[in-house]
Number of protein chains: 2
Amino acid sequence: MQNQEFEMLAEHILNRVPLNVDELNFMLSQFKLTRVKKRQFIVQPGFTANYRNFICAGAFRSYVVIDSGEDHTIQFAIEDWWITDYNSYFNAEQATMFVLALEDSTILQLSRENEDMLKLANHKYETFFRISAERAQAFHFRQLITNLTQTAEFRYESFLDKYPKIVNRVPQYALASYLGMTTEYLSKLRNKRATK
Amino acid sequence: MQNQEFEMLAEHILNRVPLNVDELNFMLSQFKLTRVKKRQFIVQPGFTANYRNFICAGAFRSYVVIDSGEDHTIQFAIEDWWITDYNSYFNAEQATMFVLALEDSTILQLSRENEDMLKLANHKYETFFRISAERAQAFHFRQLITNLTQTAEFRYESFLDKYPKIVNRVPQYALASYLGMTTEYLSKLRNKRATK
DNA sequence: CTAAAAAGTTGAACCAGATTAACTTTTTTA
DNA sequence: TAAAAAAGTTAATCTGGTTCAACTTTTTAG
């Protein structure tokens, strides 16, 4: 095991699937450690997202920009989470999203080719990716329920509750667009909360 | 190969992963053919969703009911699609959703135990479930983008466009709640479209 | 076949959240 | 470290979509 970043990823993997030392090391050897400065893009429309990114330190935001110029946050990700444009990554097609570093960050990148190779090489590696995708699927259903059933105010309250570590690391306009409201309205909600 | 329903599922599976005859037949043998009458529930809050359901004929709708009594459609599913409460199914916990037959339907059900067994038994079976989950993940991201970036009117237009086969098979109030609007408002949108 | 229930329609009043605009605070960069 | 840019705030006004209520049409069950 080489260093702290790979230790983090190792723990993340072993938490999902039991690998012996050799299996683990081979899997880890397919990842590439990358340091990314704040405000740097790791995915951009017009290019293909060729990597799946595991965050060791730092924070990212993925978003789409619509015709009018507004952007809409799709996902936030901090330590121990993954981020990419999955439609682009899985289907090797052009990205429609930006993925932007919100802080100086350290990530471990897995290329599509290496991922495909790992999935073929060993049933257990395949299991890891299957579990990751199933958890994402379950997560998205829960998120969809929240979005459909709650008001803007309650979606903000829920976010505070579920992701207290994220709230203070992301710009407010990005959080507002993630929650499906304007930055002005979120400002009001915050103010209203603070004064009661 | 026993009949038309299993043929459908076979095609669906072979479309995702190459299996030889024995592998395919063993996988198929884990499914149970069930006929469901219109208005029958196959998943209900308070019970655990023990099956993943492949639809051979018919149509289903999953929804949650909130305190005020309104329901919110989470998913529609017709022939060649899957439906269940995935949070309940994957984690063997109580369902929060209803899954209701909108028509007399024929489904092929796979139990959690059989699915777990299949995933362990053969790398290729695992691959099948991994691909299914990844596609669902990609689908949910596209859906999230639509929901965040489009107005109610445009979400309806997009639905018409993408799922013309579904529109006329589901009650309008269910479609309205799927699209995140009231049934009255959807009625107005339809009327407006019809008259221009 | 018929009565009752469920689904869909229409219009008026209303409201959660958007828009616009002017301003303050924080962050960035030269 | 200063000035410019970006982010956040506040308030007035506006609107896409909701709510409520009365009605018509369709579906269901006896």
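Here are a few things to note about the model shown:
- Restricting region A:163-172 to residues that are surrounded by 12 or more Cβ atoms within 10 Å (Cβ to Cβ) and more than 16 Å from residue A:189 (Cα to Cα), the residue that is nearest to DNA strand D (Cβ to nearest atom) is A:170.
- Here A:113, A:126 are screened, and the one residue that is over 27 Å from residue B:90 (Cα atoms) and either among the β-branched types (Val, Ile, Thr) or more than 16 Å from DNA strand C (Cβ to nearest atom) (or both) is A:113.
- Any hit, region A:80-94, residues being within 16 Å of DNA strand C (Cβ to nearest atom), within 25 Å of residue A:11 (Cβ to Cβ) and among the hydroxyl-bearing types (Ser, Thr, Tyr): no
- Taken over region A:147-162, the criterion of being surrounded by 15 or more Cβ atoms within 10 Å (Cβ to Cβ) and either among the hydroxyl-bearing types (Ser, Thr, Tyr) or in contact (Cβ under 8 Å) with a residue 60 or more places away in the chain (or both) is satisfied by A:149, A:156.
- One residue stands out among those in region B:67-89 that are among the charged types (D, E, K, R) and more than 10 Å from chain A (Cβ to nearest Cβ): the one that is farthest from DNA strand D (Cβ to nearest atom), which is B:80.
- Note on region A:90-115: residues that are within 11 Å of another protein chain (Cβ to nearest Cβ) and more than 21 Å from residue A:66 (Cα to Cα) amount to 3.
Since every read-out is calculated from the coordinates, none of them should be taken as a lab result. None of the values given here were measured: they were computed from a predicted structure. Cβ sites come from the backbone with ideal geometry, for glycine too, and all protein chains shown count toward neighbours.
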